[in-house]
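Chemist: For reference, the structure I am asking about is given below.
The values are calculated or read from the model by the stated rules, or taken from the named source; none is laboratory data. What you see is a predicted model, and the numbers here were worked out from it, not measured in a lab. Cβ atoms come from the backbone with ideal geometry, glycine included; neighbour counts cover every protein chain shown.
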Amino acid sequence: MSTSNQVLADWVQEVAELTQADDIYWCNGSAAEDESFNHQLLEDGSYKRLNPETHPNCYLHLSDPKDVARVEHLTFICTQQASDAGPNNHWMDPQQAHKKMDDLFKGCMKGRTLYVIPYCMGPIDSPISRCGVEITDSAYVVQNMRLMTRMGDEALRRIEREGTFVKGLHSTGELDPERRFIMHFPEERVIKSYGSGYGGNALLGKKCHALRIASYQAKDEGWLAEHMLILGIKTPAGKQHYVAAAFPSACGKTNLAMLIPPEGYLQDGWEITTVGDDICWMRPGEDGRLWAINPEAGFFGVAPGTAKDTNPNALAMLYQDTIFTNVAQTADEQPWWEGLDDRVPAIDWQGRPYDPANGPAAHPNSRFTVSAKRCPSYSPASEDASGVPIDAIIFGGRRASLVPLVNEARNWNHGVLMGATVASETTAAATGKVGVVRRDPMAMKPFCGYHFGDYWGHWVSMQEKANNLPKVFTVNWFRKDEDGGFMWPGFGENMRVLEWIIGRCQGTAEAHETAIGLMPKASDINTENLDLDSDVLEALLAVEANGWQQENQSVAEFLQEYGDRVPQALYDELAKSEKNLSS
Ligand code: GTP
Ligand code: SPV
Ligand code: MN
């Protein structure tokens, strides 16, 4: 037994018996352990060493070609009452789900080692952080968890002090899509995942714990667990602000979190720092503001599109100590993906000689795993036990039409309505069709561990818990013209929108009241050195009354799908917008 926590010791024993693992190994988080896992993964062929000259200590892992993304159709929330999971989740009776999973886990680790990974989500000394233990039979998962969380002895000591932790059981199983399930038991704080070794399906600290289980727990305890990046903005006057932004998977969180402002902004003294790129835990502080931590310690970021001109900070992280999953390789064994540069890859993400006839060289959901500390814009405030105070919350998605570049909520409840009804085109981050517009409330459609009606009610209720809440905005970087081109340049130029948002928070930027919220006029956006036609900017900031009337009709239908658990405040705000539009 390697722990003084009896519940943990008993659980590990029980799982070892169920899975019939040959060995049990407790991860301690040391550098020597890291090295020995890398060695083992190279030996057994799970890793390929990338060019040590250009990419020291970087490894390539190619997953099973049928195991390349999250599987929302195989992901379940198992609450006692089906109604508590809500129409936004697949539900299974907890008893039945446990039985199903335990049958799959029976004997699945015969001949294999069971790894115990104690981890802490958030700074080890933060009262906002929460711990978990993942049991897995995948050394690749161990190495990802090492980068993505604070794992090992320090986390175990905290678990022993606190006595509580989330239990996550994982096996890659046979990687058979027919024998693959990601089950959550939020009432028991338990996760069981079988049959996938990929990303959010297998790194249980991430989506399973930090979003699905944590969102459920946060509702009971009065805080928020969100699919949001956190970034710091320092103004030329030296004022430090923090912004949290929720965009659906593969819709720009990593990019915005690491934004490098345009030249003129840098000269003026603006500074952007990165606290997190995917998950944000926020709770009301004594000052009535929301204080946020990034529960993660690393980035599991989308590789395709990452380049010198789009996200130089991200690219700079990836030259050492990085795990690449499902990217392509150049002839000299450097990692490569679409959008990186104009070299032609030699080998594709399935290890075949590259042939354009086989589709993209890197899988569209190929990813890098890297420590957050390697990011040039990494903020030291990420380690603050108290978190950072949030000034603005931003919601966004991919909308080719209608939704303007930026819009400010009239008030908190209107902000909750805007977040609750964000729609976005689906991406390769989950299996299924890409490019279909669906509502993705707060970017949490795949990740909310309970009924959306209750979740929106919880958001509305934050007003009673904190009297100095952030201002709320929506943005849309993805409007397209008739030729299918993006109308807004995006990436670093998004700074111009952030400047307006910060100006609104400080009370210095102008806004005019529209039917759908408070918006800048084109002249309120800084366009110095921006290569954009003024009529394009006008179009990006226009409110199309007819389109919004239809949108609101669709929003009303959407809310009705969630029945009487939807807070009345959302209908009231929707009615206001409808009245504005018809007057
Ligand atoms: P997850 O890790 O899946 O939660 O995703 P994410 O939200 O962090 O996504 P990420 O920042 O990696 O964005 C993925 C895709 O969005 C890439 O193809 C980017 O090139 C594209 N993207 C990001 N920002 C912009 C932008 O401002 N404009 C445009 N046009 N594309 C963008
Ligand atoms: C997402 O899909 O939102 C991700 C990647 O951040 S994964 O960890 O696979 O869920
Ligand atoms: Mn994500």
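Chemist: Looking only at residues that are within 16 Å of ligand 3 (Cβ to nearest atom) and charged (D, E, K, R) in region 65-90, which one is nearest to D176 (Cα to Cα)?
Modeler: The selected residue is R70.
Chemist: Out of Y198, Y242, Y194, I need the residue that is touching a Cys at 6+ places or on another chain (Cβ under 8 Å) and either surrounded by fewer than 23 Cβ atoms within 10 Å (Cβ to Cβ) or not aliphatic (A, V, I, L, M) (or both). Which one? Explain how you work it out, then say what you get.
Modeler: Details: Y198 fails: touching a Cys at 6+ places or on another chain (Cβ under 8 Å); Y242 fails: touching a Cys at 6+ places or on another chain (Cβ under 8 Å).
Among Y198, Y242, Y194, only Y194 is touching a Cys at 6+ places or on another chain (Cβ under 8 Å) and either surrounded by fewer than 23 Cβ atoms within 10 Å (Cβ to Cβ) or not aliphatic (A, V, I, L, M) (or both).
Chemist: If you don't mind, there's one more thing I want to ask. Could you check region 562-583 and list, in sequence order, the residues that are among the aliphatic types (A, V, I, L, M) and either in a helix (DSSP H, G or I) or free of Cβ contacts under 8 Å to residues at least 12 places away in the same chain (or both)?
Modeler: A569, L570, L574, A575, L581
Chemist: Here is a list: W281, W291. Which entry is in a strand (DSSP E or B), among the aromatic types (F, W, Y), within 19 Å of the chain's Cα centre (by Cα) and buried (at least 24 other Cβ atoms within 10 Å of the Cβ)?
Modeler: Every option except W281 fails the conditions.
Chemist: Any residue in region 350-368 that is without any contact (Cβ under 8 Å) to a residue 60 or more places away in the chain sitting within a Cβ distance under 7 Å of a residue that is outside any loop (DSSP other than H, G, I, E, B) and surrounded by 12 or more Cβ atoms within 10 Å (Cβ to Cβ)? List the pairs, counting only those 6 or more apart or interchain.
Modeler: If the second residue must be outside any loop (DSSP other than H, G, I, E, B) and surrounded by 12 or more Cβ atoms within 10 Å (Cβ to Cβ), the pairs left are R352/N358; P353/I347; Y354/A328; Y354/I347; A361/A328; A361/W336; A362/A328; A362/W336.
Chemist: Please name all residue pairs, on different chains or six or more residues apart, with Cβ atoms under 7 Å, provided the first residue is in region 134-150 and is at pLDDT 95 or above and the second residue is of a type in the set (D, E, K, R).
Modeler: Here the result reads D137/R112; M145/E134; R146/D34; M148/K206; M148/E296; T149/E296, each pair linking region 134-150 to a residue that is of a type in the set (D, E, K, R).
Chemist: Something else now. Collect the residues in region 181-209 that are touching an Asp or Glu at 6+ places or on another chain (Cβ under 7 Å) and of a type in the set (A, V, I, L, M), keeping them in residue-number order.
Modeler: Selection gives L204 alone.
Chemist: A follow-up question, please. Select, from A250, A225, the only residue that is on the phi > 0 side of the Ramachandran plot, under 14 Å from the mean Cα position of the chain (by Cα) and not acidic (D, E).
Modeler: On the way: A225 fails: on the phi > 0 side of the Ramachandran plot.
Unique residue meeting the criteria: A250.
Chemist: Just the residues that are touching a Ser or Thr at 6+ places or on another chain (Cβ under 9 Å) and either outside any loop (DSSP other than H, G, I, E, B) or within 16 Å of ligand 3 (Cβ to nearest atom) (or both), please, taken from region 403-414.
Modeler: Of everything in region 403-414, those that are touching a Ser or Thr at 6+ places or on another chain (Cβ under 9 Å) and either outside any loop (DSSP other than H, G, I, E, B) or within 16 Å of ligand 3 (Cβ to nearest atom) (or both) turn out to be V406, N407, E408, H414.
Chemist: For region 312-348, give me the residue count where each residue is hydrophobic (A, V, I, L, M, F, W, C), crowded, with 24+ Cβ neighbours inside 10 Å, in contact (Cβ under 8 Å) with a residue 40 or more places away in the chain and assigned to a loop (DSSP other than H, G, I, E, B).
Modeler: Qualifying residue count for the region: 1.
Chemist: Being over 19 Å from the mean Cα position of the chain (by Cα) and either among the aromatic types (F, W, Y) or under 25 Å from V275 (Cβ atoms) (or both) narrows it down to one residue among E174, E188, E160, E154; which is it?
Modeler: Every option except E154 fails the conditions.
Chemist: If you go through region 347-391, how many residues are closer than 25 Å to R289 by Cβ, in contact with a strand residue (DSSP E or B) (Cβ under 8 Å, 6 or more places away or on another chain) and of a type in the set (A, V, I, L, M, F, W, C)?
Modeler: Selection size over region 347-391: 4.
Chemist: Something else now. How many residues, within region 471-499, are over 25 Å from the mean Cα position of the chain (by Cα) and either part of a helix (DSSP H, G or I) or farther than 28 Å from Q267 by Cα (or both)?
Modeler: Adding up the residues that qualify gives 5.
Chemist: When you go through Q334, Q320, Q350 one by one, which is the residue that is out of contact with any Lys or Arg (no Cβ under 8 Å at 6 or more places or on another chain), under 16 Å from H55 (Cα atoms) and of a type in the set (S, T, N, Q)?
Modeler: Q334
Chemist: Another one. With the structure loaded, tell me whether H184 is buried (at least 21 other Cβ atoms within 10 Å of the Cβ), in contact with a Ser or Thr (Cβ under 6 Å, 6 or more places away or on another chain) and under 25 Å from N5 (Cα atoms) or whether it fails that test.
Modeler: Numbers: buried (at least 21 other Cβ atoms within 10 Å of the Cβ): yes; in contact with a Ser or Thr (Cβ under 6 Å, 6 or more places away or on another chain): no; under 25 Å from N5 (Cα atoms): yes.
So H184 fails the test.
Chemist: Got a sec? Which of E538, E544 is within 20 Å of A400 (Cα to Cα) and loosely packed, with under 13 Cβ neighbours inside 10 Å?
Modeler: Going through E538, E544 in turn, just one is within 20 Å of A400 (Cα to Cα) and loosely packed, with under 13 Cβ neighbours inside 10 Å: E538.
Chemist: Let me ask another. Just to check your reading of the model, which residue among G252, G264 is over 18 Å from E134 (Cβ atoms) and within 14 Å of ligand 3 (Cβ to nearest atom)?
Modeler: Of G252, G264, the one residue that is over 18 Å from E134 (Cβ atoms) and within 14 Å of ligand 3 (Cβ to nearest atom) is G252.
Chemist: What are the residue pairs meeting all of these: first residue in region 531-548, first residue touching a residue at least 60 places away in the same chain (Cβ under 8 Å) and within 13 Å of M519 (Cβ to Cβ), second residue loosely packed, with under 13 Cβ neighbours inside 10 Å and not hydrophobic (A, V, I, L, M, F, W, C), Cβ atoms under 8 Å, and 6 or more apart or on different chains?
Modeler: L541/K521
Chemist: Within region 252-270, work out how many residues are in contact with a Ser or Thr (Cβ under 9 Å, 6 or more places away or on another chain), crowded, with 16+ Cβ neighbours inside 10 Å and under 19 Å from Q240 (Cα atoms).
Modeler: 5
Chemist: Pick from A218, A246, A210: which is of a type in the set (A, V, I, L, M) and either free of Cβ contacts under 8 Å to residues at least 24 places away in the same chain or farther than 12 Å from M282 by Cβ (or both)?
Modeler: Going through A218, A246, A210 in turn, the sole match is A210.
Chemist: Separate question: If we scan region 204-218, do we find a residue that is outside any helix (DSSP H, G or I) and either surrounded by 22 or more Cβ atoms within 10 Å (Cβ to Cβ) or within 12 Å of ligand 2 (Cβ to nearest atom) (or both)? Steps first, answer last, please.
Modeler: Pass one, region 204-218, residues outside any helix (DSSP H, G or I): 204.
Okay, now just the ones that are also either surrounded by 22 or more Cβ atoms within 10 Å (Cβ to Cβ) or within 12 Å of ligand 2 (Cβ to nearest atom) (or both), so 204.
Yes, region 204-218 contains a residue that is outside any helix (DSSP H, G or I) and either surrounded by 22 or more Cβ atoms within 10 Å (Cβ to Cβ) or within 12 Å of ligand 2 (Cβ to nearest atom) (or both).
Chemist: With assigned to a strand (DSSP E or B) and within 15 Å of H414 (Cβ to Cβ) as the only criterion, which of L518, L559 stands out?
Modeler: L518
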